[in-house]
1. What's the angle, to the nearest 10 degrees (0 to 90), between helix 221-240's Cα axis and the longest principal axis of the chain?
2. Are there any GluC sites (Glu not before Pro) in the range 103-190 that are in a DSSP loop and have at most 13 other Cβ atoms within 10 Å? List them by number.
3. Less than 20 Å from a label point 7 Å out along the Cα-to-Cβ axis of LYS298: which backbone N atoms in the range 137-157 qualify, by residue?
4. Based only on other Cβ atoms within 10 Å, what is the fewest-to-most ordering of GLU267, GLU312?
5. Restricting attention to the range 218-325, which chymotrypsin sites (Phe, Trp or Tyr not before Pro) occupy a DSSP loop and are surrounded by at most 16 other Cβ atoms within 10 Å?
6. Quick check for me: using +1 on Lys/Arg Cβ and -1 on Asp/Glu Cβ, what's the dipole size of the chain about its Cα centre, in debye to the nearest 20?
7. Which far-off residues, 5 or more places away or on another chain, put their amide H under 5 Å from the one on THR104, with H placed in the peptide plane?
8. Give me the distance in nm between label points sitting 7 Å out from Cα along the Cα-to-Cβ direction at SER309 and LYS173, one decimal.
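No value in this document is a laboratory result; all are computed from the given coordinates. Predicted model, so just to flag it, every value in this text is computed and none were measured. Cβ atoms come from the backbone with ideal geometry, glycine included; neighbour counts cover every protein chain shown.
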Amino acid sequence: MRLPAGVCSLALALALAATPLHSAEKIRVAYPTVAPGLAPLLVTGAAGMWEKYGLDVELILVSGGARAVPALISNSVQFLMASDTGVTQAILQGIPLARLGVTTNTLGSSLVVQPGIQSVKELKGKVLGISMGRDLSYARLAKVLRDNGLSPTEDVKLLPIGGGEPGRFSTLKAERIHGTMLFPPFDLMARNAGMNVLVKLDIPSPAGGVNTTPAFLKQKRELVIDFVKGYMEGIRYMTRHKEESVRVFFKYFKNPDRAAMEYLYDETVSRLAKDLRPTPDSIRYHFDIAALDDPRAKQLSEKDFWDSSVVEEIHRSGFVDQLYKK
């Protein structure tokens, strides 16, 4: 049966109205662990900040920088958050990566050990837990050992442990290792469990770096700008919504301890780089740490291997100023 023209037009209009004009673009983002520098990423995703920019962002936990960096290089993911040490090592090997910004320029951490250990020198011959890649926790552990006259390759046994911070924390509690480097809130949780916080570090260092590839940035610059804008909005949201953020932490850190999650929130918010700009001090220290394993990093400056054009373009547009006036 042939329908009247008016009915056909109405049916077509309804069909078009029910179909989105633009489907959200799928973006995959890798992150290597649950840690303070990545807390805003988790909150941004949970709050749906990228949806307003037409992005369907999937956050994928890829344990350790050793696995996360190859995922970015192969375009299995389009962005990599954090793995700052792994990214530096890849760049030094000639792999093209684009560093766009940072989440924080400082990061606290603690060398946590079994209760009977009272000094770093007592770690000689002991088993220390590290992540699956040469990340920031490894770099800091190696520095503490060297500063106390111990070689991280000869005087201790380094045991790679999967599962990021939770994995190393659980292994320490199970007494399978003698110590490890932990970030908030796991340092507090370990202390509450009777472990000994041997050394506390609070030094300039980038964390939660925003990374992509030069090829993706060139091909999808507007998308990259929208992704960074959404992340900036997520950071602002986190600073103003403590309760909602803590609920996100309960989910990802799988810890019902409110005091620990509030400690994580306060520790992170106080350090956020709301403009995503790295500071020269944090980058210089980062390269100095990387140089312990690869001396070539010592020759780098804070301007090397950074593409600040996206962040600066967003700032020139007035977006960040308007964001914090709301």
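1. For 221-240 against the chain, the angle is about 70 degrees.
2. Values: sites: GLU122, GLU154, GLU175; in loops: GLU154, GLU175.
Those satisfying the criteria are GLU154, GLU175.
3. So the set is 139-154.
4. Numbers: GLU267 19, GLU312 13.
Fewest-to-most Cβ neighbours within 10 Å comes out as GLU312, GLU267.
5. Numbers: sites: PHE227, TYR231, TYR237, PHE249, PHE250, TYR252, PHE253, TYR263, TYR265, TYR285, PHE287, PHE305, TRP306, PHE319, TYR324; in loops: PHE305, TYR324.
Counting only loop positions with at most 16 other Cβ atoms within 10 Å, the chymotrypsin sites (Phe, Trp or Tyr not before Pro) in the range 218-325 are TYR324.
6. 300 debye
7. ALA207, ALA273
8. According to this spin-label approximation, the distance is 4.8 nm.
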